[in-house]
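Visitor: Handing you this structure, nothing more for now.
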Amino acid sequence: MDDDTIQILVTQREQSRKMGGAENIKKAHDRGKLTARERLDHLLDPGSFVEIGLLAHSQHDDLKDRTPADGMLAGSGKIDGRVVYITADDGTVMAGTRGRVAEVKNARVRALALKHHKPFIGLMEAGAARVQEAYGATAAGLGYRFGDHFKMSGRIPQVAAALGPCFGGPSFTAVQSDFSPIVKGTGFLGMSGAPVVKVGIGLDVTNEEIGGSEMAAIETGQADLLAKTELDCMNAIKKFLSYLPSSCNEASPRAEPQPAKIDSAAGRADIEQLVPDNHRRAYDMRTLIGLLVDGGDYFEMKRDYARNSMTAFARMDGYSVGIIANQPLHRAGTIDDKGVEKLRKFIDLCDAFHIPIISLMDCPGFMVGPDIERRRMVSLTGRLLNSIIGATTPKITIVLRKAIGLAYIALGGRAVEPDLLVSWPTARFDVMGPEAGIELVHGRDIAKADDPDAMRDDIRKKIVVESSAYAAAGLGLIDDVIAPAETRYRILDALERCRCNQTYAWKHRIDP
């Protein structure tokens, strides 16, 4: 092969790597954005990216010379030494719109990820279909990617980051994925962008109003994390994947075990003082989690959405665990419709990838009232119950204070057959909150009493005794009452016992 032949190859590769040209790259930088190649440089281990389809381009006559790599980078690389498959929309080429050839590349990478049992990552800049190549009857052949995401669900981890206006198809890719971070101010998720809404229903709105980053992360929960910058977004993807296996056929990688704050005398004192005996007084569940887990480090999913419920990945003795918890600082930890959805998907994610679920329970119950019923609370709670009951990954339940009614079951009560069910001395079990129970059961007698307040106090004291942790332990309905300082040790002991018979295979998909 002569030098001219090789030089042609070198030249064509160089042209494709220039993306949309210096002017478009500068425009992206001026908006505070990274290029697709810069994103890969930050996300992947240095020198690990192996590109597929570098020489691809649009087959449309008017676009052939304007679409290097057809506006999408695709291939494989490594994160912390582990292989991943990845695509990245190139916003400097035709505003990141998706051409037919780019979709062929995308489909190829998805297929390889599934075949080789490796995570799939999509860095989405826009990704909607390129109008010049997707019009008329050609639309009858669209949509294979959604079937691919369905096939991958629960088999390999899927990540879809919203780095630009991801309206239409990319938004569905995001919600079909396991982790969907969005960048503040530049990421958007929604059915259609502002121009389509204007044409379709004559309404003048902005992209921010339709599906801005804060709306997606805080109001709708369709994004799992609100990243301040694109660099923060890339770091979040790396951290998320560090807790998960490469596929459902293996265990999550074990990190170097780190001591927890509770392992020290000061930490043990802190946990004993953190949670008030008075059930009406709040505390920060994040502080409690930070005391229990390796190095005090954890990764919260949907932190800004449904803040009365918490879902987080952490490590115990180096092993990945998933934590579900109530947050007493917000609505006393009551579970609403958003919290139900948040908990359900996280439980499904942990179960699909064999990550043990630790429940830190302090919940006065589910939200009630006409408004919550209009949001289909019964049906949503039914789905949550199906998830927690059906989960076969190890389940460990620690009841801190309130374990009331159906919420007790949905958060890992005895009926879901947890591998460990213990409580702190401050725990209380009942079908409803004490005040509601007093009025419903004894209301008439109290109204007739000579001293209603005194009678109410007497009944309240009796309920406290009858619903206590010691009463539950006395009936054999919980495994033990433990001191707060013993919590981490009991969790570690249960996890060690559970690992003896864990198997790794596909279980189920993870619904949006």
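The values are calculated or read from the model by the stated rules, or taken from the named source; none is laboratory data. On a predicted model such as this, the values are computed, not experimentally measured, just so you know. Quick reminder, even Gly has a Cβ in these numbers, built from the backbone with ideal geometry, and neighbours come from all protein chains shown.
Visitor: How many of the residues in the stretch 186-204 are out of contact with any Lys or Arg (no Cβ under 8 Å at 6 or more places or on another chain) and farther than 30 Å from ASP348 by Cα?
Guide: Residues meeting the conditions: 11.
Visitor: Identify, please: which residue in the stretch 346-371 is in contact with a strand residue (DSSP E or B) (Cβ under 8 Å, 6 or more places away or on another chain) and over 27 Å from GLY154 (Cα atoms) and is, among those, surrounded by the fewest Cβ atoms within 10 Å (Cβ to Cβ)?
Guide: This residue is MET367.
Visitor: Taking the stretch 271-329, which residues are over 23 Å from ALA407 (Cβ atoms), within 19 Å of the chain's Cα centre (by Cα) and part of a loop (DSSP other than H, G, I, E, B)?
Guide: VAL293, ASP297
Visitor: Against the definition (surrounded by fewer than 13 Cβ atoms within 10 Å (Cβ to Cβ) and among the β-branched types (Val, Ile, Thr)), how does THR487 come out, yes or no? Let's see the steps before the verdict.
Guide: Numbers: surrounded by fewer than 13 Cβ atoms within 10 Å (Cβ to Cβ): no; among the β-branched types (Val, Ile, Thr): yes.
It is false that THR487 is surrounded by fewer than 13 Cβ atoms within 10 Å (Cβ to Cβ) and among the β-branched types (Val, Ile, Thr).
Visitor: Could you tell me which of the residues ILE182, ILE201 is out of contact with any Gly (no Cβ under 6 Å at 6 or more places or on another chain) and touching a residue at least 12 places away in the same chain (Cβ under 8 Å)?
Guide: Within the list ILE182, ILE201, the selection yields ILE182.
Visitor: If you don't mind, another one. Taking the stretch 363-380, which residues are of a type in the set (Asp, Glu) and either farther than 23 Å from LEU329 by Cβ or in contact (Cβ under 8 Å) with a residue 12 or more places away in the chain (or both)?
Guide: Looking only at the stretch 363-380, we keep the residues that are of a type in the set (Asp, Glu), and these are 371, 373.
Residue satisfying the conditions is GLU373 alone.
Visitor: Here's a follow-up. Before we move on, is ASP65 at pLDDT below 85 and either outside any helix (DSSP H, G or I) or not assigned by TED's automatic domain parsing to the domain that holds ALA22 (or both)? Even if it seems obvious, please write down each step before you answer.
Guide: Working: at pLDDT below 85: yes; either outside any helix (DSSP H, G or I) or not assigned by TED's automatic domain parsing to the domain that holds ALA22 (or both): no.
So ASP65 does not fit the description; no.
Visitor: Could you please give the count of residues in the stretch 382-420 that are in a loop (DSSP other than H, G, I, E, B) and either farther than 24 Å from ALA505 by Cβ or not hydroxyl-bearing (Ser, Thr, Tyr) (or both)?
Guide: Number of matching residues: 8.
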